[in-house]
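Every number here is computed from the coordinates shown, using simple stated rules; none is lab data. As the structure is a computational prediction, the values presented were derived from the model and not from experiment. Counting neighbours? That spans all protein chains shown, and the Cβs are built from the backbone with ideal geometry, glycine included.
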4 protein chains.
Amino acid sequence: MKSEGDKIRVRYKDTDQMGVAYYANYLVWFEVGRTELLRRMGLPYSEFEKNDLYLPVLKAYCEYRQPARYDDQIELFTRIENLQDVRLTFSYKIRRGSKLLAEGYTEHAFINQAGKPVVLRKKSPFLWNRLLKAYDEQV
Amino acid sequence: MKSEGDKIRVRYKDTDQMGVAYYANYLVWFEVGRTELLRRMGLPYSEFEKNDLYLPVLKAYCEYRQPARYDDQIELFTRIENLQDVRLTFSYKIRRGSKLLAEGYTEHAFINQAGKPVVLRKKSPFLWNRLLKAYDEQV
Amino acid sequence: MKSEGDKIRVRYKDTDQMGVAYYANYLVWFEVGRTELLRRMGLPYSEFEKNDLYLPVLKAYCEYRQPARYDDQIELFTRIENLQDVRLTFSYKIRRGSKLLAEGYTEHAFINQAGKPVVLRKKSPFLWNRLLKAYDEQV
Amino acid sequence: MKSEGDKIRVRYKDTDQMGVAYYANYLVWFEVGRTELLRRMGLPYSEFEKNDLYLPVLKAYCEYRQPARYDDQIELFTRIENLQDVRLTFSYKIRRGSKLLAEGYTEHAFINQAGKPVVLRKKSPFLWNRLLKAYDEQV
C-alpha cells in the first residue's frame with residue numbers, strides 16, 4: 001500500500017438526511033481509486049477504451065465501518081487484488097486520517113464494445129504486460 | 001396542463017444533511033418529465049437516438065419554492081414551451097399536492113452523434129411533424 | 001417472492017458512456033426496493049426515523065449479470081433475508097422481464113440518532129413484531 | 001477572477017450514454033466551487049451550519065457551451081456576484097484549459113434550521129463582515 005492515498009473531499013451532494021455520506025457513493029469513490037491507480041501505472045482507463053477494451057463490474061462489495069461526513073477529506077487506498085486472463089479484482093480501503101471508514105472490492109471482466117469477453121493478454125499484450133508488472137510490483 | 005402529472009417518489013439518496021432533496025436532483029426529475037412527455041406523444045426519446053438525433057441541454061434553470069422531502073410523492077408537469085428549427089424548450093412544474101415546489105425550464109439543441117446541429121424538420125420530418133402536432137395541441 | 005416487483009424506469013442520468021446503467025445505481029435501486037417492501041408491510045421507513053430508529057448499511061453486495069439500459073423498465077424483488085436483535089438483512093433481485101440483471105444484499109444495523117446500536121425488540125416492540133410477522137409470512 | 005481555479009476530475013459516474021458529462025453534474029460542481037471559495041475566505045460552510053445558518057438554493061441557472069468528458073480535468077472559477085441582507089448569489093465558470101465549458105449562477109437564502117429567513121448581519125456579524133470583506137476584495 002502506498003503511504004498516501006488519493007484524496008477526495010466529501011460533497012454536500014454526497015450526504016443524506018442521516019447526516020452522513022450515502023452508501024452508494026462509496027462505489028463511486030472506488031471508481032476514483034481504480035482510475036487513479038491505473039493512471040499511476042501509466043495506464044489511464046481512457047487508453048483501455050481507445051483499444052476497444054472495457055472493464056464492466058461483475059461484483060461489488062463494501063463494508064461500512066465508520067461514516068464519512070460532509071467536507072471530510074478522505075483517502076483512498078487501492079490495490080490490484082487479483083489478475084487473471086479475463087478478470088481483474090481491485091480492493092479498496094477508505095480512511096479518514098488513521099481511521100478506516102470502509103473497505104471493499106470490485107471484480108471486473110475484460111470485454112470489447114460488442115460485449116464479448118476478451119483475453120487481455122492476446123487482445124493487448126502491451127496493456128497486459130504493464131498491468132502484470134504493476135501487479136507484481138505492488139508491496 | 002394535464003390534470004395529473006408524472007409521479008416520482010423522493011428517495012433517501014436524493015436527500016442531503018439539510019433534510020431536504022438536494023438541488024441538482026430537480027434537473028434529474030426534469031429529465032423524467034420530458035422523457036414521459038415525449039413518450040405520451042408517441043415519441044420515446046430512444047427513437048430520437050436511433051435516428052441519430054440527440055437533444056443535449058443548452059440552458060437549464062430552476063426556481064426552488066418549497067423543499068421536497070424524503071418519501072414525498074411529487075408530481076411533474078411538463079410542457080413544450082418553444083419549438084424551433086434547431087431548438088426545443090421544455091418547461092416544468094413540480095408539485096406536492098396543490099403546493100408548487102419548483103419550476104424551471106431546459107433548452108435543447110437538435111444535434112447528430114457527430115455533434116453537428118441538425119434541422120429536425122429536414123433530418124426527420126416524421127419526428128418534426130409529431131412534435132409540432134403535439135406542441136400545437138397542448139392546452 | 002411476490003409475483004410482481006417494484007417497477008423502476010432507468011433514467012438517462014443512470015447511464016454512463018459504456019451505454020449501460022452505472023454500477024452504483026443498483027444500490028440506489030436496492031434502497032427503493034427495501035423502502036417499498038417496508039411500506040407494503042405497513043412500516044414506512046419514515047416511521048422508523050420518527051421513533052429515533054435508523055438503519056445504516058453495514059455491508060452491501062451486488063452481482064451484475066446483464067446490463068440495464070436507458071429507459072428499461074426494471075423490476076425489483078426484495079426480501080428480508082435475516083432478522084436479528086440488532087441487525088437486518090435484505091436481499092434483492094433486479095429483473096427485466098424474465099431476465100435476471102443483478103442480485104445482491106444489504107445488511108443493516110438498528111441504531112438511534114446518537115449512533116448507538118439498539119435492540120429493536122426493546123426499543124420498539126411494535127416495529128419489531130410487525131417486522132417479525134412480515135418476515136415469517138414471506139413465501 | 002483568480003488565476004487558477006478549483007480542479008475537478010470528471011468521473012465515469014458523471015458521464016451518460018451520449019459520452020459526455022450529464023447536465024445535472026454541473027450543479028454539483030458549482031457546489032464544490034462555492035464550498036472552496038468560502039473555505040479560501042476562511043469561512044468553511046460547516047461553520048455556517050454550526051451557527052445554525054443554512055444557505056439553501058433559491059435559483060440555479062447553467063449555460064452549457066462545450067461538453068465536459070470522462071477524465072477531463074476541469075477548473076472552476078467562482079465569485080460572489082451579489083450579497084444582500086438575506087441573500088447571496090454566486091457565479092461560476094467551468095473551463096477546460098482556455099475553453100469555457102459552462103457558466104451559471106446560484107442564488108441562496110440565509111435561513112436557520114427551522115427554515116426561517118435570517119438577516120446574516122444580525123445573526124452573525126462575524127460571518128457577515130468576513131463575507132462582506134471578501135466580496136469587496138474580489139477583483
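With +1 assigned to the C-beta of every Lys and Arg and -1 to the C-beta of every Asp and Glu, and no other charges, what is the dipole magnitude of the protein assembly as shown about the Cα centre in debye, to the nearest 20?
0 debye
Dimensions of the protein assembly as shown along principal axes (Cα, Å, largest first)?
The Cα atoms of the protein assembly as shown stretch 56, 51, 50 Å along the principal axes, largest first.
Distances from A:V139 to the same residue in each other copy, label points 7 Å out along Cα→Cβ, in nm, shortest first?
4.1, 5.6, 6.9
For chain A, with only Lys/Arg (+1) and Asp/Glu (-1) charged at the beta-carbon, what is the dipole magnitude about the Cα centre, in debye rounded to 20? Please list the in-between numbers first.
Values: 24 positive and 19 negative charges, 36 e Å.
Once rounded to the nearest 20, the dipole reads 180 debye.
If the reach is capped at under 22 angstrom between alpha carbons, list the lysines near A:K122, excluding any in the same chain fewer than eight residues apart.
A:K50, A:K133
Please compute the net charge surrounding D:F110, taking Lys and Arg as +1 and Asp and Glu as -1 over other residues with Cβ under 13 Å from its Cβ.
+1
What does the copy distance list look like for D:K122, label position 7 Å along Cα→Cβ, in nm and ordered from shortest?
Reported distances to equivalent positions: 4.8, 6.2, 7.7 nm.
Could you work out the pair-distance distribution P(r) of region C:40-110 from its alpha-carbon pairs, with 5 angstrom bin width and percents rounded to whole numbers?
4, 14, 20, 21, 16, 13, 9, 3, 0
What percent of all Cα-Cα pairs in region D:6-137 falls into each 5 Å bin, going from 0 up to the bin containing the maximum distance?
Bins of 5 Å from zero give 2, 10, 20, 21, 17, 12, 9, 6, 2, 0 percent of pairs.
Count neighbours as other Cβ atoms within 10 Å of each site's Cβ, and list the trypsin sites (Lys or Arg not before Pro) in region A:1-110 that are DSSP loop with at most 15 such neighbours.
A:K2, A:R65
May I ask you to list the chymotrypsin sites (Phe, Trp or Tyr not before Pro) in region D:24-122 that are in a DSSP loop and have at most 10 other Cβ atoms within 10 Å of their Cβ?
none
Nearest 10 degrees, 0 to 90: what angle lies between the long axis of helix B:25-40 and the longest principal axis of chain B (Cα atoms)?
Its long axis makes an angle of about 50 degrees.
Would you work out which of C:L120, C:F77, C:Y105 lies farthest towards the positive end of the dipole of region C:6-137? Charges go on Cβ: Lys and Arg +1, Asp and Glu -1.
Towards the positive end, the residue furthest out is C:L120.
Between copies, how far does the label point of A:G19 sit from its twins, in nm, shortest first, when each point is 7 Å from Cα along Cα→Cβ?
Copy-to-copy label distances for A:G19: 1.1, 4.6, 4.7 nm.
For chain A, what does -39500 (n - 2.57) per DSSP helix run (n ≥ 4), summed and divided by total residues, give at 222 nm, in deg cm²/dmol to the nearest 500?
-8000 deg cm²/dmol
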